[in-house]
1. Can you give me the relative contact order of the stretch 1-88 as a percent, contacts being Cα pairs under 8 Å and 6 or more apart?
2. How far, in nm, would the chain grow between residue 349 and residue 115 when pulled straight, counting 0.36 nm per residue and subtracting the alpha carbon separation?
3. Along the charge dipole of the chain, Cβ charges K/R +1 and D/E -1, which of 173, 49, 389 sits furthest on the positive end?
4. Rounded to the nearest 0.05, what FRET efficiency is calculated for residue 224 and residue 328 with R0 set to 25 Å and r the Cβ-Cβ distance?
5. Could you tally the net charge around residue 18, taking each other residue with its Cβ under 13 Å from the Cβ of residue 18, Lys/Arg +1 and Asp/Glu -1?
6. Enter the accessible area per residue of the stretch 184-395 (Å², integer; probe 1.4 Å; all protein chains in place).
7. Tell me, what % of the accessible area of the chain is carbon and sulfur with a 1.4 angstrom probe?
8. Using the basic label-point model (7 angstrom from Cα toward the beta carbon), what is the residue 148 to residue 172 distance in nanometres?
Amino acid sequence: MEQVNRVILLKLGEVVLKGLNRKNFEKMLTDDLKRRLKKYGNYGILSSQSTIYVTPLDKDSALCIDDAAKECAKVFGVASLCVAAEIDKDLDKILSFIGNYIKSERKGEKTFKVVGKRSDKSFPLTSPELSALCGAKILSANHDMKVDVNNPDMVVYVEVRDYAVYVHASKIHGAGGMPAGSAGKAVLLLSGGIDSPAAGYVCAKRGVSVEALHFDSFPYTSERARQKVIELAEKMCDYCGNISLHIISLTEIQESIKRSCKEDYFTVLLRRFMMRLAEKAARSLGAKAIITGESLGQVASQTMSALTVTNSVLSSDVPVFRPFIAADKEEIVNIARKIGTFDISIQPYEDCCTVFLPKHPVTKPKKDRIEKSESALDVDRLVKNAVASEEIVEIRP
Ligand code: ATP
Ligand code: MG
């Protein structure tokens, strides 16, 4: 078969619906793309007609193109992608190429259809004419194949675009969402559990750049538990880009609550401190929201009443994003598996939430009673001391 160039075509998702600032979104997307492609060689990047063309610029990069495409599948803002053969806009060349191309691409598929797409209207054949001719050529080179337009095993795309014709037979799902960083910054409350890394990922997918905040409770929680959270952040940054992991000690706060407050209120009181510290972090980092992995009814502190009492310590200008509020555990687990955090999360290390866990946590806390119990504490001083304990670990992809 004649040697042809292979290029990656990235089809943009929601970005194409943007108006005047579409260029800004595309720039963020291509910045992310360039950063990711660096590992795989030298590639030219060109954006045209809602598609980004990634072309290898030397032999080594051409050899790595399938791995580069896998990396491109992590770029937020891309709906789908493919590795396509690039052919001159010449019908004879297309037809002499396509029969053998399918022979080499197919893996046991018996039926196919051709989707011809002529976006360059100066090309002499219409899309249906192009599809029919290519289909006939594929049949004559692959006698055991049949056309099935309704439910084909294989769809062959022949796209006549501005500069060339692109032929491909398998689409890869893109990461979807909005370009990395396009939504601004938020503070993710990152525990060692399953939910919060996945919550960070789904928000990053919508363009949020993530600052992670983890609370530990040394010596009640171990060095190994902290290491687990660092590993989670490392996994996340494969998708989310750079993450600064802020680690704050809750030890003094937890000991004070245990000493001075009603046991049943322990978790709600602790979560109010977490929110106060998250808001402080958000303000000092220029972040506009807080993200948690909470899910309605999952545990006592995630009932409507408990979430309300927790939220009430926050100012109204810092929203809390709880992307899994209405998700079942199984749905969250599926996401955690997909991004590779699940196997780390299920390692059994203690979390600060499990330290001094009450036997009968209140499920319908009343704000006035919680505040009364909390009045035994010097909240401002405890918050100040906790902030002073902050350590930062920079996590890089
Ligand atoms: P799991 O997957 O077991 O539910 P979790 O981390 O979600 O783990 P929860 O008790 O459900 O544990 O906590 C609710 C949310 O509070 C978490 O999703 C996370 O956003 C935040 N959180 C809990 N513990 C911590 C912690 N130690 N540091 C930072 N955030 C925390
Ligand atoms: Mg949870």
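The values are calculated or read from the model by the stated rules, or taken from the named source; none is laboratory data. This one's a predicted model, so the numbers in the text were calculated from it and none came from an experiment. When we count neighbours, we look across all protein chains shown, and the Cβ atoms used for this are built from the backbone with ideal geometry, even at glycine. Keep in mind that these areas ignore ligands, DNA and RNA; they rest on the heavy atoms of the full protein, side chains included. Shrake-Rupley method; radii C 1.70, N 1.55, O 1.52, S 1.80 Å.
1. On the way: 129 pairs, mean separation 42.1, N = 88.
RCO, the stretch 1-88: 48 percent.
2. Values: separation 234, 0.36 × 234 = 84.24 nm, distance 5.24 nm.
Gain on stretching residue 349 to residue 115: 79.0 nm.
3. Positive-most Cα among the choices belongs to 49.
4. Approximately 0.25, to the nearest 0.05.
5. Values: positive: 22, 23, 27; negative: 14, 26.
Result for the local shell: +1.
6. Details: 9470 Å² over 212 residues.
Value returned for the stretch 184-395: 45 Å² of accessible area per residue.
7. 52
8. For the pair residue 148/residue 172, the computed spacing is 2.7 nm.
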